[in-house]
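The values are calculated or read from the model by the stated rules, or taken from the named source; none is laboratory data. Treat the numbers as computed from the prediction; the structure is a model and nothing was measured. When we count neighbours, we look across all protein chains shown, and the Cβ atoms used for this are built from the backbone with ideal geometry, even at glycine. Just so you know, the surface numbers come from the protein's heavy atoms only, side chains and all, with ligands and any DNA or RNA stripped out. Shrake-Rupley method; radii C 1.70, N 1.55, O 1.52, S 1.80 Å.
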Amino acid sequence: MPDAARADAVLDVAALADTVTQLAVATANDSPVIHSRQEWGSRPTPAGGYDAAAGVRLAVLHHTVDTNNYSAADVPAMLQAIQAYHTDANRWDDIGYNFVVDRFGRIWEGRGGGPQTTIIGTHAA
């Protein structure tokens, strides 16, 4: 791997680790900003709703195959494309990921249900 690519990967992992830490230690009074589905223009939540767990025992982190060379303004369209792939090609009921973290460290609500629920992500079922 070229040195420049290796350095980019290290920086991305560090940013992701920081964001995951923010999520893990957040409380009701000190929550990170989570951008809503409405902000990225998601499709409507499925009528049947989602499967929920009794509690949270673990979290699954998944890296998408998208480029890492995009602007902040590109993120909503990228999330729409991921959702379209998950629903149209994979035949899932919605985007599989509960949350998506962009390269700028911003957290986006993926799968419907909201951050205060225990909705099971399709990618983790």
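Within the bounds of region 69-82, is there any residue that is loosely packed, with under 12 Cβ neighbours inside 10 Å and among the hydroxyl-bearing types (Ser, Thr, Tyr)? Within region 69-82, one or more residues are loosely packed, with under 12 Cβ neighbours inside 10 Å and among the hydroxyl-bearing types (Ser, Thr, Tyr). Out of ASP66, ASP51, ASP93, one residue alone is farther than 21 Å from ILE120 by Cα, surrounded by 10 or more Cβ atoms within 10 Å (Cβ to Cβ) and of a type in the set (D, E, K, R). It is ASP66. Number of residues in region 40-88 that are charged (D, E, K, R), over 14 Å from PHE104 (Cβ atoms) and not in a loop (DSSP other than H, G, I, E, B) equals 1. So, in region 69-87, how many residues would count as being touching a residue at least 40 places away in the same chain (Cβ under 8 Å), under 13 Å from HIS123 (Cα atoms) and not β-branched (Val, Ile, Thr)? So the answer is 1.
Is region 107-121 home to any residue that is of a type in the set (Lys, Arg), within 18 Å of ALA59 (Cα to Cα) and either outside any helix (DSSP H, G or I) or open to solvent by less than 40 Å² (accessible area, probe 1.4 Å) (or both)?
yes
Residues are listed down the side, and each one gets a yes or a no for (1) of a type outside the set (Gly, Ala, Ser); (2) at pLDDT 90 or above:
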residue: SER42; (1), (2): no, yes
residue: ALA47; (1), (2): no, no
residue: LEU58; (1), (2): yes, no
residue: ASN68; (1), (2): yes, no
residue: ALA72; (1), (2): no, yes
residue: ALA77; (1), (2): no, yes
residue: ALA89; (1), (2): no, yes
residue: ILE95; (1), (2): yes, yes
residue: TRP108; (1), (2): yes, yes
